[in-house]
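The next block holds one structure in the form of structure tokens; read it before the comments.
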Amino acid sequence: MSPFVIWSVVASYTILFQPAQIPPAVVIRLENDRIALVKKITPPTVAVVSGGGSGVLISSDGYAFTNYHVVGNGGPAIKCGLPDGKLYDGVIVGLDKMGDLALIKLIPPQPNFSFPFAVLGDSDQVYPGDWAVASGNPFLLASDYTPTVTFGLISGTHRYQYPERGMFEYTDCIQMDASINPGNSGGPLFNGKGELIGINGRGSFDKRGRVNSGVGYAISINQCKKFLGSLKAGLRLNHAGLGALVSTVDDSAVSRVLVNQVFPSDALRRGIQPEDQIIRFAGRPITTVNQFKNILGTIPAGWKVPIGIRRITEAGETVQLDVLVRLISGERQETPVQADQPSGRPGQPKPPLKPIPAVVKAVYEQKENFANYHFNKILRENALVKLQAQLKLLGQNTPWQLQGQGTFQNKNLAGGWSLMINPAQPAEGNNPATMDSVGLNIEGIDFRLEPLKADLDSRALRDPTGSGGLLVAAFHLKQLLCLGAKGFPGEGCTHGGVEPYWPPMEAGQSFDQRKSLMAEVIKTTLGGVSSRWYIEPETGFLLSVEVSVDPEEDPCEIHFSNPQADRMGRLLPRDWIIIHGDKTFAKLKVVDWKVNP
Amino acid sequence: MRLHFLTLVLFGGVVSGLPGQESLSQVFNNTYPKVVKIYGAGGIRGLAGYGTGVVISADGLVLTVNNHLMDGGDLVAHLHDGTRVPVKVLAREPELDTALLKLGGAKQALDDLPYFDFEEAYKKPIAGPGVSVLAFSNAFQIATREEPVSIMQGNIASYGRLFGRIGIFDIPFSGNVYVVDAITNNPGAAGGALTDRNGQLLGLVGREVRNELTNTWVNYAIPVQAQVDVRGPNGMSRIGIMDLVRKKESYRPAPKVEKPVDVEPYTGIRLVSNLIDRTPPFIEEVFPGSPAAIAGIKPDDLIVYVDGIPVPSINTYRELLLRYKPGDKIRVDVRRRDQLVGLDITPLKALEGSKPPFRIPLITQPSGGRP
């Protein structure tokens, strides 16, 4: 079965040209190139049967992108047809409603089964005038799941398309004139080399009805990549918001984006003020609100991004500031409209969900705020196993004694410190039961905290002053390393996806030289205190933890480095940098780390 | 001879880029700056308030389709670099469904404006069916300011007369057009550029029309060389877009009619804000030295009669006042506290733009014309 291809352009050339006017070899070569291209892009194209759309496989173990509006409103089980003519079971993995993106996983029919998959391209290297090839299942034409391939040009890049009913905002998207129609949704857009550059999902329609009118849009694959790591963690994702209102001021040759109002958020805590001009956002220059929204929409909520600010001070001087801001969730409050109903007329009862096949049940777990908690648990366990491969502390909930040297910058102090963390003990003999406790001594000054005690003084949780809560952070560190997920009872330990981790600025380093690296995030909560743990994906090295006593305040950040093996072969980080807000609280050197005194 | 030309054109297209062979991004980059986004009247009943135009001279001559955008007041264009400039309509040629515009604004904004060489394009032979084409337009107003317009690709399907309609009206162009196989004629695309694969101008993207016979949508462009026969004062004659470009005026310029402008004569009275249909004509302010001040009209007076005619509202007062010329004597009866006071005002001429000595700027501007 050869794919159905719209060859209009080539066909017209072959009809028109007489052999004498064109070297036939060129035409044949082009034909062969095109045939090879279609052969390459056909196998990973998915016909999403439940949902009536398309998708594209991106890994041999069966992960595939599609649109939220194709699969997001149905059940977890998805039937998918592949061009081999077979129907496969699939399951929802992660959902991004605002971005209209969904990650599904086709379930391999037998072990060691390998799916064909598309190679991800770089959509920042896509330009208007490039060739565009769309593949999918328009009008659900293919009963044998052979995709329809359509061909055209990239008509525009970095386009912005407003949300529909508060969702499906297409930011920084790709516009094409390759024909996409109902049923193409969620299917792949390829460049001329057959690399995946986008996920088709929208079109501009007007008087001609909901069929192709020459203007289709695809979510850029670079946006998809930013969400992929977190989609794999089974999350329902939000898009980012700055926490400030901005507007375009158009009073000069080049327009400017000014901050109008700043809400309580990291933006406010990092010192962004009304009247500030935003000149760079997440590494791209900004002159209009549209550009700003275009970039903002490609970033998941919770990411930290660099923002460049220009400010005119009261003295009339123009200063330039660079800040690293953790973005908030930009999701508007959802109104309970019927948008969530599966197709069908309003007022009709929802069709009963089809029974979930056993193979899907095995890889699906329902939980609020998650698309599929099963995948979250798997990724969480994998991350914790990687972490323990270095630290080898799991299950050894013994007292800790750490000692070392440090500099404490808010006190201008350099000297010795010691840290003791004792796990709770049940009553034994004459000894009464004790609670978990943390003790810290900095140059003779003692701090002590029982972090799980009821009615804790809120100031005690933030001790030592200026650290944002180093004592409680140390306790959480021990919980995670010695007890794993069990240290945070009540499902208090989940995988938080993948996001950039920004190491602290080094001495002599300029802001522009800062580089982030993508890290796995583990989120924990215990006793009302929440933490984000950053883990280097390849090595399992614990990069950092941010412990928040109050989500409206700056956390206590501990950045770890310089791992050295102890005599048991545990790779324990010896350099700790403790940061609270914009200030470094302390730089600690761990000389002695006894985990079993 | 004509056929020979045709093959040359086709061959030229082939050499410069076979479909799928190489990216047309360079052609795009060279061409889209020659297209401007136009904003004008519209925004109702399926008529877009935006459109497209092609620049044909470095100092900002622009060709577009003669559509409803120009029916309103102010036209504005966004240049490729995001500069926003005012637009003047030089000439509209209904028979050619084409309009010639001139970009205004600061001179430096128009320095080195990229443009299509219209003379060159005009000399080229008509492109035949099968020629690969590109369309550049701001369809659906996807782009604003410096954002590039959209590019589409397709082929010329035929060259001939079009029988189409817009709504229930025949399309106002009777000459030959290029019919293309791409969906180029979307909202806002009219006036965009149809080019060959090298970005050489072939025509103007047309309107959204349906075929008269099949009721299906047709995508067409008006060729650069378009000509139509029109009946004028001296009998039939043939006109083309080139005539419009060279003469910068319509074949049949619309007669310039001096519109009689109704301006009420100047009394120096400012009434309270006319908020409802029947706002009573209370006087808010009397400008010092004005005819009303000389007559003794005072603030807070209520106008009751004008030459014996009752004045229930500001609207009535304004209508009545339009009957008077400067220098006429107007008998005005006002209610002042419990009294009715009769006063004679001799109004002056309301001079637009000039500043008689008794006028205070801005606020004292007498209400020119109807409210």
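The values are calculated or read from the model by the stated rules, or taken from the named source; none is laboratory data. None of the values given here were measured: they were computed from a predicted structure. In this analysis, Cβ positions are derived from the backbone assuming ideal geometry, glycine residues included, and neighbour counts consider all displayed protein chains.
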In the set B:ASP97, B:ASP117, B:ASP112, the lone residue that is buried (at least 19 other Cβ atoms within 10 Å of the Cβ) and among the acidic types (Asp, Glu) is B:ASP97
Options A:LYS523, A:LYS515, A:LYS594: the member that is free of Cβ contacts under 8 Å to residues at least 40 places away in the same chain and closer than 17 Å to A:PHE475 by Cα
A:LYS523
Return yes when A:GLY186 is touching a Ser or Thr at 6+ places or on another chain (Cβ under 6 Å), small (Gly, Ala, Ser) and assigned to a loop (DSSP other than H, G, I, E, B) and no when it is not.
yes
Within segment A:525-534, the residues that are closer than 17 Å to A:VAL498 by Cβ and surrounded by fewer than 23 Cβ atoms within 10 Å (Cβ to Cβ) are A:ARG532
Filtering segment A:31-54 down to residues that are assigned to a helix (DSSP H, G or I) and crowded, with 17+ Cβ neighbours inside 10 Å, which residue is nearest to the other protein chains (Cβ to nearest Cβ)?
A:ARG34
Quick one: which residue in A:GLY216, A:GLY192, A:GLY209 is crowded, with 21+ Cβ neighbours inside 10 Å and either over 26 Å from B:ASN155 (Cβ atoms) or not aliphatic (A, V, I, L, M) (or both)?
A:GLY216
Look at B:ILE126 and say whether it is β-branched (Val, Ile, Thr), farther than 23 Å from B:ALA48 by Cα and more than 9 Å from every other protein chain (Cβ to nearest Cβ).
yes
Taking the condition in the same structural domain as A:GLN409 (by TED's automatic domain parsing) and more than 22 Å from A:LEU384 (Cα to Cα), does A:VAL545 pass?
no
Can you tell me which residues in segment B:81-123 are closer than 28 Å to B:TYR220 by Cβ and either of a type in the set (Gly, Ala, Ser) or within 14 Å of chain A (Cβ to nearest Cβ) (or both)?
B:ALA91, B:ALA99, B:ALA121
Filtered residues of segment B:31-80 (kept if hydroxyl-bearing (Ser, Thr, Tyr) and either away from every other protein chain (no Cβ under 14 Å) or farther than 19 Å from B:LEU244 by Cα (or both))
B:THR31, B:TYR32, B:TYR39, B:TYR50, B:SER57, B:THR64
Considering only residues of segment B:200-227 that are assigned to a strand (DSSP E or B) and surrounded by fewer than 21 Cβ atoms within 10 Å (Cβ to Cβ), which is modelled with the highest pLDDT?
B:GLN227
Whichever residue in segment B:186-199 is over 11 Å from B:ILE222 (Cα atoms) and in a strand (DSSP E or B) and, among such residues, is farthest from the other protein chains (Cβ to nearest Cβ)
B:ASP196
Restricting attention to segment A:559-572, does a residue exist that is among the small types (Gly, Ala, Ser), assigned to a loop (DSSP other than H, G, I, E, B), farther than 15 Å from A:LEU402 by Cβ and without any contact (Cβ under 8 Å) to a residue 24 or more places away in the chain?
no
Taking segment A:535-549 and the residues there that are in contact with a strand residue (DSSP E or B) (Cβ under 9 Å, 6 or more places away or on another chain) and charged (D, E, K, R), the one that is nearest to A:MET505 (Cα to Cα) would be A:GLU546
Go through segment B:228-259 residue by residue and tally those that are at pLDDT below 70 and in contact with a Lys or Arg (Cβ under 7 Å, 6 or more places away or on another chain).
1
Failed item, numbered, when A:PHE115 is tested on (1) more than 26 Å from A:ARG159 (Cα to Cα); (2) part of a loop (DSSP other than H, G, I, E, B); (3) within 14 Å of chain B (Cβ to nearest Cβ):
(3)
Collect the residues in segment A:452-508 that are more than 15 Å from A:ILE421 (Cβ to Cβ) and aromatic (Phe, Trp, Tyr), keeping them in residue-number order.
A:PHE488, A:TYR501, A:TRP502
Against the definition (aromatic (Phe, Trp, Tyr), in contact with a strand residue (DSSP E or B) (Cβ under 9 Å, 6 or more places away or on another chain) and within 14 Å of chain B (Cβ to nearest Cβ)), how does A:TYR127 come out, yes or no?
yes
I'm trying to understand the selection: among the residues of segment A:99-131, which are more than 25 Å from the chain's Cα centre (by Cα), touching a residue at least 24 places away in the same chain (Cβ under 8 Å) and at positive phi?
A:GLY129
The condition from (1) touching a residue at least 24 places away in the same chain (Cβ under 8 Å); (2) over 30 Å from B:ARG238 (Cβ atoms) that B:SER150 misses is numbered (1)
In the list A:GLY415, A:GLY395, which residue meets the criterion of being assigned to a loop (DSSP other than H, G, I, E, B), surrounded by fewer than 16 Cβ atoms within 10 Å (Cβ to Cβ) and touching a residue at least 12 places away in the same chain (Cβ under 8 Å)?
A:GLY395
Mind counting the residues in segment B:159-180 that are more than 13 Å from chain A (Cβ to nearest Cβ) and either touching a helix residue (DSSP H, G or I) at 6+ places or on another chain (Cβ under 7 Å) or buried (at least 16 other Cβ atoms within 10 Å of the Cβ) (or both)?
12
Of the listed residues (A:LEU87, A:LEU57), the one being surrounded by fewer than 21 Cβ atoms within 10 Å (Cβ to Cβ), of a type in the set (A, V, I, L, M) and in the same structural domain as A:ASN181 (by TED's automatic domain parsing) is A:LEU87
Might you check whether a residue that is surrounded by 15 or more Cβ atoms within 10 Å (Cβ to Cβ), on the phi > 0 side of the Ramachandran plot, touching a Leu at 6+ places or on another chain (Cβ under 9 Å) and at pLDDT 85 or above occurs anywhere in segment B:29-36?
no
Selected residue [within 14 Å of chain A (Cβ to nearest Cβ), within 21 Å of A:SER213 (Cβ to Cβ), in contact with a strand residue (DSSP E or B) (Cβ under 9 Å, 6 or more places away or on another chain) and not in a strand (DSSP E or B)] from B:ILE156, B:ILE151, B:ILE183:
B:ILE183
Name the single residue that is farthest from the other protein chains (Cβ to nearest Cβ) among those in segment A:156-174 being in a loop (DSSP other than H, G, I, E, B) and not hydroxyl-bearing (Ser, Thr, Tyr).
A:GLY166
Of everything in segment A:137-155, what is without any contact (Cβ under 8 Å) to a residue 40 or more places away in the chain and more than 14 Å from chain B (Cβ to nearest Cβ)? Give them in sequence order.
A:SER143
Within segment A:427-453, the residues that are under 23 Å from A:GLY528 (Cα atoms), of a type outside the set (A, V, I, L, M) and assigned to a loop (DSSP other than H, G, I, E, B) are A:ASP436, A:GLU450, A:PRO451, A:LYS453
